[in-house]
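Worksheet: the structure to be examined is printed underneath.
Read the figures in this text as sums done on the coordinates, not as results from a lab. Nothing here was measured: the structure is a model prediction, and the numbers come from that model. Glycine gets a Cβ as well: all are built from the backbone with ideal geometry, and neighbour counts include every protein chain shown.
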Amino acid sequence: MNSETTDCIRAELVRAARDLGAPPAIDPVLERPRDPAHGEWATNLAMTLARPLQRKPREIAQQLVERLDVTSCGVTHVEIAGPGFINFRLDPAHTARGLAVILRAGERYGHSEEGAGRQVNIEFVSANPTGPLHVGHGRQAALGDAIASLLEATGWTVSREFYYNDAGVQITNLALSVIARMRELAGEPADIPEGGYHGEYIREIAERFVATRGGHARAVLASGDVGSGGALFEEIRRFAVAELRAEQDRDLQAFGVRFDTYFLESSLYTDGRVDDTVRALGATGRTYEHEGALWLRTTEFSDDKDRVMRKRDGTYTYFVPDVAYHVTKWDRGFHRAINVQGADHHSTVTRVRAGLQALDMDIPPRYPEYVLHQMVTVMRAGEEVKISKRAGSYVTVRDLVDWVGRDAVRYFFLMRRGDSQLVFDVDLARTQSEENPVYYIQMAHARMSGIFRVGGIDPASIDPGTSVDTLVEPEEQALIKRLLDFPAIISGAAEALEPQRVATYLHDTAGEVHLWYHKHHVLNEPAPIMNARLVLARAAQIVLRNGLAILGITAPERM
RNA sequence: GCGCCAGUAGCUCAGGUGGAUAGAGCAACAGCCUUCUAAGCUGUGGGUCGGAGGUUCGAGUCCUCCCUGGCGCGCCA
């Protein structure tokens, strides 16, 4: 097994280094040399010991090598190179035997128990029900869902959460916008309020509401009080929120994302959580009245200015329910919480954390964690599509899925780091669908599956104990090493909360798979070779499938 | 003005938490289908890693300053 090999070499390095009088706390780093000619593993230990031992790196390397006994680790050659690297070359057969681990683990290969079952809450999308999900939400959905899967794969108990405002000013504006469209249907001028919503979907909601009443718009409007807070107004508000929530759910379903919890902001008011939070903050003595408003000294917690909690008009700023909401996460047992949001929300990071710190609840200072992604710009017909709720100009998540398919949308959103800006060229993604990188990866998987299909062999029946000592071709060795790196990739991506590492890894791995497939035949080869290659094909299939699963992308058997 | 993020090949971007000669796809050019899928493979060309200093055995990666772009900076959410 891969980690057995590295652990073995590492232990020997530690022993040898202590022999040389190195400080007891050494943790040698083993890494894959960029150039395969340098062997399977390399360490820079001699260079890092140069300072404490007051000797030249190459001299230390020489003395380390003289003391090493790594033949039992599968190492056949040890050499010193460059400024003092120690390179290890493994017995190819020993390397190939690592494939057995992949076959035995199957769909759990790459998974680990690092999280030890601890609970983590991942909040993402969290769109207010005032319109359809746009491309920014799409990026968040892809990112959040992949991060959730990464943490699940590394042993965390994950809860996916969607938080939404169902009662604030924006929702009032939503209801007023619908009412304005109803007036328009009644032949009056549509008087959309300041901060209202202009999109076509508002008109459709107005039409549907009128239809549920079975009358004319004019008659429906006359049937009750449509002033803010009136009975009919409330009914329209609830109707509009329900319609838009249902539409968002359809979008998410089309994208293949499921949430465990939908958390309503309004519940924080109705169950008294907001008032409790205000009281608790007041009790710490960190609040004060100024110009008729209630403030919190967030500057005590590295905010650049104090924040208003209660406005002069007596209502709370969004900051208060935000803090109350995160207290519920903590109280619900999530001692780790991750928020996936657009970078335009970055100013809330310090504020929310400061609010939580001010409560003296022993919540860690960096709770919650944030994954902020940069904006998505959509290019269409050669020009940028401005996304504006006001103007109702939209590219929705569903549009993207319809145009290029769920798998491609997910991959495009995940193939690059969240903190770089993303240009989603719709026309390109559409016309390019045949040479899309996601197909390149899926094709590699389909080809592995094809070997078993054509051979009439059940892939699950491959015996992990099959001899693989014949897998010594360069393409085979390169592919095997890559497949054995998979657990480390997953672990690193989960720790860094960076799914794009998996995407990059899968693309590179697919390249190795295609190359091997092209150069070496599996079926109808002499039995020892065919059987060994079937093990490799099975291992590649497992890794590609497991990796794609984490990204939320399907692994087709044929294409 | 202040804060956060970015700047790497013609284009779009990778470059574990400092390592050896900075990579991939697309685009361009030249090849490869009797054999498990040519949605693939092979080869060629292409770089002042935005700029300048610094840290050290070693910097695309860390620090400082500057330039450019995006996003924030409200008793809006």
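The GluC sites (Glu not before Pro) of segment A:51-129 meeting both criteria, a DSSP state outside H, G, I, E and B (loop) and at most 16 other C-beta atoms within 10 angstrom of the site's C-beta, are A:Glu113, A:Glu114. Electrostatic tally near A:Arg237: other residues with Cβ closer than 13 Å to its Cβ, Lys and Arg +1, Asp and Glu -1, net -3. Axis of helix A:135-153 versus longest Cα principal axis of chain A: the two differ by about 50°, to the nearest ten degrees. Along its principal axes, segment A:143-192 has C-alpha extents of 59, 18, 12 angstrom, given from the largest down.
Would you mind classifying chain A by shape? Square roots of the alpha carbon gyration tensor eigenvalues, ordered a ≥ b ≥ c; an a/c under 1.5 is rounded, otherwise it is prolate if a/b is larger than b/c and oblate if not. Oblate shape, in that a/c is at least 1.5 and b/c is the bigger or equal ratio. Taking the centroid of alpha carbons for each part, segment A:307-335 and segment A:194-219 are 33 Å apart. Close amide H pairs (under 5 Å, H built 1.01 Å from N) link A:Asp425 with A:Met379, residues at least 5 positions away or on another chain. Averaged over residues, the count of other Cβ atoms within 10 Å places the peptides A:161-170, A:458-467 in the sequence A:161-170, A:458-467, highest first.
A simple count of charges around A:Arg15, restricted to other residues whose Cβ falls under 14 Å of its Cβ and scoring Lys, Arg +1 and Asp, Glu -1, yields -3. Amide H to amide H distances under 5 Å link A:Ala337 with A:Asn121, A:Glu369, where only residues 5 or more positions off or on other chains count and H is placed in the peptide plane. If a/c stays under 1.5 just call it rounded; otherwise compare a/b with b/c (prolate if a/b is bigger, oblate if not). Do that for segment A:1-50, with a ≥ b ≥ c from the square roots of the Cα gyration tensor eigenvalues. In terms of gyration-tensor shape, oblate.
Mind checking the alpha-carbon convex hull of segment A:180-336 and giving the volume per residue in Å³?
Residue-normalised Cα hull volume stands at 185 Å³.
Each peptide in A:499-505, A:487-493 gets a packing score, the mean of other Cβ atoms within 10 Å over its residues, and the list from highest to lowest is A:499-505, A:487-493. In Å³ and rounded to a whole number, note down the convex hull volume per residue for the Cα atoms of segment A:2-90. Once divided by residue count, the hull of segment A:2-90 is 82 Å³.
On a full-extension model of 0.36 nm per residue, what is the gain between A:Thr328 and A:Arg118, subtracting their alpha-carbon distance, rounded to one decimal in nm?
73.9 nm
Per residue, the average separation of C-alpha pairs within less than 8 Å and at least 6 apart gives segment A:436-551 a relative contact order of 45 percent. Note on A:Val169 and A:Ala549: with the Förster distance fixed at 30 Å, the Cβ-Cβ geometry gives a FRET efficiency of about 0.15. In chain A, the calculated helix contribution to ellipticity at 222 nm averages -16000 deg cm²/dmol per residue, counting -39,500 (n - 2.57) for every DSSP H run with n ≥ 4. Compared with the alpha-carbon gap, the fully stretched path from A:Val454 to A:Ala93 is longer by 127.2 nm at 0.36 nm per residue.
3J(HN,Hα) along segment A:502-519, derived from phi through the Karplus expression 6.51 cos²θ - 1.76 cosθ + 1.60 where θ = phi - 60°, amounts to 5, 4, 4, 4, 5, 5, 5, 5, 4, x, 5, 5, 4, 5, 5, 4, 5, 8 Hz, with x in place of Gly and Pro. For segment A:298-410, just say rounded, prolate or oblate: build the C-alpha gyration tensor, square-root its eigenvalues into a ≥ b ≥ c, call rounded for a/c under 1.5, and beyond that prolate if a/b exceeds b/c, oblate if not. Prolate is the answer for segment A:298-410, as a/c is 1.5 or above and a/b outweighs b/c. Scalar couplings 3J(HN,Hα) for segment A:22-29, obtained by applying the Karplus form with A = 6.51, B = -1.76, C = 1.60 to θ = phi - 60°, are 6, x, x, 8, 10, 10, x, 9 Hz; x denotes Gly and Pro. Charge tally for A:Arg89 (other residues, Cβ to Cβ under 10 Å; Lys, Arg +1; Asp, Glu -1): -3. Proximity of backbone amide H atoms, modeled 1.01 Å from N, is registered between A:Tyr163 and A:Phe124, A:Ser126, A:Phe263 at under 5 Å, excluding neighbours fewer than 5 places apart on the same chain. Placing +1 on each Lys and Arg Cβ and -1 on each Asp and Glu Cβ, with no other charges, gives segment A:488-550 a dipole about its Cα centre of roughly 220 debye. Per-residue Karplus couplings for segment A:231-247, computed as 6.51 cos²θ - 1.76 cosθ + 1.60 with θ equal to phi - 60°, are listed in order as 4, 5, 4, 4, 5, 5, 4, 4, 4, 5, 4, 4, 4, 6, 4, 5, 5 Hz, Gly and Pro entered as x. Each principal axis of the Cα cloud of segment A:436-551 was evaluated for its coordinate range; sorted largest first, these ranges are 45, 27, 25 Å.
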